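Structure record follows, encoded as structure tokens.
The values are calculated or read from the model by the stated rules, or taken from the named source; none is laboratory data. In this text the structure is predicted, and so the values were computed from the model without any measurement. Counting neighbours? That spans all protein chains shown, and the Cβs are built from the backbone with ideal geometry, glycine included. Quick note on the areas: whole protein, heavy atoms, side chains included, nothing else; ligands and nucleic acids left out. Shrake-Rupley method; radii C 1.70, N 1.55, O 1.52, S 1.80 Å.
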Amino acid sequence: MATFNLGTVGTTPVVRNNFSLTTSDPTDVFKFQISGTKNINLSLTDISAGDDAELLLFRDNGNGIFDSGDQLVNSSANSRNRDESINDRENTGTYFAQVRRFAPGSSGTVSYDFAVSATTPNSTAGFSNLLPREFELGNLSADVSRSSLINDGDTTDTYQFSLGTFEGVNITLNRLLADADIRLIRDFNNNRIVDAGEEIARSTRGGTTADVISNIRQSGDYFLQVQQFTGNTGYDLTFDHFTTPEA
Ligand SMILES: [Ca+2]
Ligand SMILES: [Ca+2]
Ligand SMILES: [Ca+2]
Ligand SMILES: [Ca+2]
């Protein structure tokens, strides 16, 4: 088991690309600290085709060593080589993100890209800046609705979709019981991180008022994030698809 010490992680993502797991060394551990109450954002992307890896988050028991006394606080275990993601609100301390090769779903070496950031809760600057394909909607060709939950153990949901030519979309987040917000991103450099200039639009209305991003009509690939602002809530996320005269 290889352990990589990342030091104190803040808003700026710490990225470790092209790491690999083998049958004889099937886990990697990334040790890091956060200072203050933060949303810990973790993503596992670009898992090699035909393989499977899982992502787990542990809180250290105080000795600074990854051992059996550490508490598992969150995990992500999608099938095949789908991306994994964790967005978990935690307090000051030392944490271990563990990447595991899932043996039944993998053949030989499993490669992956890992990223971690720690963003500020209860802030409109608190959106996660990582872009795992958590919910894949693909190309929109009709209206699409999704319902899910945002809470302290899952502070961000990230949806991937694309628009073809002659297509547009209006996006609405509603049926809120607490304040959540949305923003729309285009990952122009395809590094799965939100860089300057990649946020296209956001809606951060207060309370349980619906958030809306309207009249998106450029073809291409998009990410839509739903972010906790305060409290825990279910939500409905609606993609109202329309056709446009322009290519
Ligand atoms: Ca420990
Ligand atoms: Ca997996
Ligand atoms: Ca980017
Ligand atoms: Ca809101």
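With respect to Asp83, is the statement that it is more than 20 Å from Met1 (Cβ to Cβ), acidic (Asp, Glu) and touching a strand residue (DSSP E or B) at 6+ places or on another chain (Cβ under 6 Å) true? For Asp83, the condition - more than 20 Å from Met1 (Cβ to Cβ), acidic (Asp, Glu) and touching a strand residue (DSSP E or B) at 6+ places or on another chain (Cβ under 6 Å) - is met. Set side by side, the residues Glu246, Glu199 differ, and just one is over 20 Å from Arg146 (Cα atoms) and within 16 Å of ligand 3 (Cβ to nearest atom), which is Glu199.
When Ser219 is tested against (1) in contact with a strand residue (DSSP E or B) (Cβ under 7 Å, 6 or more places away or on another chain); (2) closer than 21 Å to Ser117 by Cα; (3) open to solvent by 50 Å² or more (accessible area, probe 1.4 Å); (4) touching a residue at least 24 places away in the same chain (Cβ under 8 Å), just one condition goes unmet, and that condition is (2). On inspection, Arg205 fails the criterion of being out of contact with any His (no Cβ under 9 Å at 6 or more places or on another chain), within 16 Å of ligand 3 (Cβ to nearest atom) and closer than 25 Å to Lys38 by Cα. Residue selection: Ser85 satisfies the criterion of being assigned to a strand (DSSP E or B) and not hydrophobic (A, V, I, L, M, F, W, C). Close contacts from region 101-120, counting a first residue that is of a type in the set (Asp, Glu) and a second that is surrounded by fewer than 16 Cβ atoms within 10 Å (Cβ to Cβ), with Cβ to Cβ under 7 Å and a gap of 6+ residues or different chains, come to Asp113/Asn17; Asp113/Asn18; Asp113/Asp46. One residue stands out in region 33-73 among those that are small (Gly, Ala, Ser) and within 16 Å of ligand 2 (Cβ to nearest atom): the one that is surrounded by the fewest Cβ atoms within 10 Å (Cβ to Cβ), namely Ala49.
Rundown of residues vs (1) touching a residue at least 40 places away in the same chain (Cβ under 8 Å); (2) farther than 28 Å from Leu44 by Cβ; (3) within 16 Å of ligand 4 (Cβ to nearest atom), yes/no style:
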| site | (1), (2), (3) |
| --- | --- |
| Gly138 | no, no, no |
| Thr165 | yes, yes, no |
| Leu173 | yes, no, yes |
| Asn189 | no, no, no |
| Val194 | yes, no, no |
| Gln225 | yes, no, yes |
| Glu246 | yes, yes, no |
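Just a yes or no: is a residue in region 38-54 without any contact (Cβ under 8 Å) to a residue 60 or more places away in the chain, in contact with a strand residue (DSSP E or B) (Cβ under 8 Å, 6 or more places away or on another chain) and in a strand (DSSP E or B)? For region 38-54, residues without any contact (Cβ under 8 Å) to a residue 60 or more places away in the chain, in contact with a strand residue (DSSP E or B) (Cβ under 8 Å, 6 or more places away or on another chain) and in a strand (DSSP E or B): present. Among the residues making up region 175-187, a single one is of a type in the set (Val, Ile, Thr) and within 16 Å of ligand 4 (Cβ to nearest atom): Ile182.
Selection of region 101-121 for residues being open to solvent by 30 Å² or more (accessible area, probe 1.4 Å) and under 17 Å from the mean Cα position of the chain (by Cα) yields only Thr120.
Reported count of residues in region 76-92, each being open to solvent by 70 Å² or more (accessible area, probe 1.4 Å) and closer than 16 Å to Phe114 by Cβ, is 2. For region 168-201, the candidate set comprises residues that are of a type in the set (Lys, Arg) and on the phi < 0 side of the Ramachandran plot; within that set, the residue that is surrounded by the fewest Cβ atoms within 10 Å (Cβ to Cβ) is Arg186.
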